[in-house]
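Novice: Just passing along the structure, written as structure tokens.
Taken together, the values in this text are just the output of simple stated rules run on the coordinates, not laboratory data. These numbers come from a predicted model, not from an experiment. Cβ placement follows ideal geometry from the backbone for every residue including glycine, while neighbour counts extend to all protein chains displayed.
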Amino acid sequence: MRLLARLHSRAETAYDHTYHHKLRGRLWKALQDTDYEQYHDENRPVGEQKTLLVAAPQEELLTEIAEDLLANRELNIGDMPFHVDHVSSLAPDVGEPGTTGTIETGTGLLVRIPPWKAEEYGIKSKGEQAIYWRPEHSMEPLRTQLENNLDKKHRLFCADYLPGPSDKSYSLFDEYELIKTFAIPVTVSQGTELTYVLSKWKFGYTVRDDDHRRHLNLALDTGLGERNALGLGFVNITNHAE
């Protein structure tokens with residue numbers, strides 16, 4: 001499930017590319033005094049228009065944010081002031097079993113390989129730090145880490161009796177097309193900046209069954225890879241055919 005907010009700027013300010021943690025703070029503010037407040041501690045020129053997309057697997061959580069944005073239409077993200085013009089909901093769906101399509105990363109994908117898995121993949125480990133996935137590491141660790149990460153999200157948001165991505169014999173995606181890899185500094189919290197190695201992808205899929213449909217839709221709601229709360233791993237359906 002997704003919440004779409006149409007914004008326009010209320011003042012002329014420089015665009016802040018490190019806005020993610022500030023925006024996250026504003027969204028948490030919208031969830032104060034709601035049932036979702038507990039999640040907080042768990043893991044340009046005037047008139048310019050922007051679109052804010054917020055994805056989450058809980059429709060009720062997005063409803064709380066939508067109600068707050070409608071009641072408090074001034075949306076300040078750090079030094080960038082906006083006004084909320086319109087709010088609506090979206091429910092992207094990969095489709096019934098048999099449907100084919102493409103999912104593309106809208107933001108960089110963060111995939112880290114644990115150091116204790118490096119030898120298994122033939123990667124030289126450097127100490128105890130996780131290793132950022134790069135093309136020379138082959139596709140196997142990327143597929144495994146994406147699946148393992150989505151498994152964790154499945155355990156959080158889906159019923160225990162439902163099989164997770166790693167319980168199925170088929171791969172999450174049929175095709176993996178790498179668009180590019182790049183390193184970028186990311187402000188992870190106030191005063192803390194880390195440089196992440198990210199990648200952008202096009203993933204081709206054929207919906208195998210209802211479980212697979214649920215797994216792919218979960219990826220649309222939660223994002224793929226790590227650090228989704230910072231806007232990383234956000235994915236969209238870019239091609240869809242039944």
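Novice: Grab the other residues whose beta carbon is less than 12 angstrom from that of Pro141, score K and R as +1, D and E as -1, and report the net.
Specialist: Overall, the nearby charge balance is -1.
Novice: Follow-up. Assuming R0 = 35 Å, can you tell me the calculated FRET efficiency for the pair Ala229 and Met139, based on Cβ-Cβ distance, to the nearest 0.05?
Specialist: After rounding to 0.05, the efficiency reads 0.85.
Novice: With a 10 Å Cβ neighbour count serving as the proxy for reagent exposure, in which order, fewest first, do Trp201, Trp116 appear? Mind dumping the intermediate values first?
Specialist: Working: Trp201 23, Trp116 10.
Neighbour counts put them in this order, fewest first: Trp116, Trp201.
Novice: Okay, moving on. Report the trypsin sites (Lys or Arg not before Pro) located in the stretch 57-146 that are in a DSSP loop and have at most 16 other Cβ atoms inside 10 Å of their Cβ, or state none.
Specialist: Numbers: sites: Arg73, Arg112, Lys117, Lys124, Lys126, Arg143; in loops: Arg73, Lys124, Lys126.
For trypsin sites (Lys or Arg not before Pro) across the stretch 57-146 that sit outside H, G, I, E and B with at most 16 neighbouring Cβ atoms in 10 Å, the list reads Arg73, Lys124, Lys126.
Novice: Provide the net charge surrounding Ala91, with neighbours chosen by a C-beta distance below 12 Å and charges set as Lys +1, Arg +1, Asp -1, Glu -1.
Specialist: Values: positive: Arg2; negative: Glu59, Asp93, Asp221.
Residues near Ala91 contribute -2 overall.
Novice: Can you give me the distance in nm between label points at Glu74 and Lys202, each placed 7 Å from the Cα along the Cα-to-Cβ direction?
Specialist: About 4.5 nm, to one decimal.
Novice: Distance cut-off 32 Å, Cα to Cα: go down the list Lys50/Lys124; Lys29/Lys117; Lys50/Lys168; Lys29/Lys153; Lys152/Lys200; Lys153/Lys180 and report the pairs above it. Please list the in-between numbers first.
Specialist: On the way: Lys50/Lys124 43 Å; Lys29/Lys117 39 Å; Lys50/Lys168 40 Å; Lys29/Lys153 23 Å; Lys152/Lys200 22 Å; Lys153/Lys180 26 Å.
Where the Cα-Cα span goes over 32 Å, the pairs concerned are Lys50/Lys124; Lys29/Lys117; Lys50/Lys168.
Novice: Using the 10 angstrom Cβ neighbour count as an exposure proxy, how do Phe182, Phe82 rank, fewest first?
Specialist: Working: Phe182 11, Phe82 22.
Taking fewest neighbouring Cβ atoms as first place, the list is Phe182, Phe82.
Novice: Another question, then. Quick one: length gained pulling Val188 to His83 fully straight, 0.36 nm per residue minus the C-alpha distance? Can you show the working numbers first?
Specialist: Working: separation 105, 0.36 × 105 = 37.80 nm, distance 2.51 nm.
So the chain would gain 35.3 nm between Val188 and His83.
Novice: Along each of the three principal axes of the Cα atoms of the chain, give the extent in whole Å, ordering the values from largest to smallest.
Specialist: The principal-axis extents, from largest down, are 51, 43, 33 Å.
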